[in-house]
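Data block below; observations after.
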Amino acid sequence: MTFVLEAAAPRLERHPHSFNPLAIDLLVDERFHLWLLEVNPHPFMSYESEWGRRWMRGVVEEMLDIQLEV
């Protein structure tokens, strides 16, 4: 995962004292090798469905927990 973040770093926006979610799409082949498909610095996050609301609530809560631990 470090390699993925280092490869994507030059294209990511940096904002002091803040964080941004990344969407990292991976493919697992029949030999269980991981293939990086894309790194998206602006993932779509929607509240339009019940599943989206629950998922986003968990994402936001986890990001806040991480941020507040520092």
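For region 8-16, just list the computed ³J(HN,Hα) in residue order, Karplus coefficients 6.51, -1.76 and 1.60, θ = phi - 60°, integers in Hz, with x standing in for Gly and Pro.
Those phi angles translate into 7, 3, x, 9, 8, 6, 10, 10, x Hz.
Name the trypsin sites (Lys or Arg not before Pro) in the chain that are in a loop by DSSP and that have at most 15 other C-beta atoms within 10 Å, would you?
ARG14, ARG31
Rounded to the nearest percent, how much of the accessible area of the chain (1.4 Å probe, protein heavy atoms only) is carbon and sulfur?
59 percent
If the only charges are +1 at each Lys and Arg Cβ and -1 at each Asp and Glu Cβ, what is the size of the charge dipole of the chain around the Cα centre, to the nearest 20 debye? Before the final figure, lay out the partial values.
Working: 6 positive and 12 negative charges, 29 e Å.
Charge dipole of the chain: 140 debye, to the nearest 20.
With θ taken as phi - 60° and the coefficients 6.51, -1.76 and 1.60, list the Karplus ³J(HN,Hα) couplings across region 48-53 in order, rounded to whole Hz; mark glycine and proline as x.
Values, residue by residue: 6, 10, 4, 4, x, 5 Hz.
With all pairs of different alpha carbon atoms counted, what Kirkwood hydrodynamic radius in Å does region 17-61 show?
Details: mean 1/r = 0.0795 Å⁻¹.
Final number for the Kirkwood radius of region 17-61 is 12.6 Å.
Calculate, in nm to one decimal, what LEU27 and ALA9 gain on full extension: separation in residues at 0.36 nm each, minus their alpha carbon distance.
4.4 nm
Highest GNM mean-square fluctuation, the chain, Cα pairs closer than 10 Å: which of VAL39, VAL60, VAL28?
VAL28
For region 6-67, report the accessible area per residue in Å² (1.4 Å probe, heavy atoms, rounded to an integer).
That works out to 89 Å² for each residue.
The values are calculated or read from the model by the stated rules, or taken from the named source; none is laboratory data. Please read all numbers here as calculations on a predicted model, not as lab measurements. Cβ: placed from backbone, ideal geometry, glycine included. Neighbour counts: every protein chain shown. Accessible surface areas use protein heavy atoms only, side chains included; no ligands, DNA or RNA. Shrake-Rupley method; radii C 1.70, N 1.55, O 1.52, S 1.80 Å.
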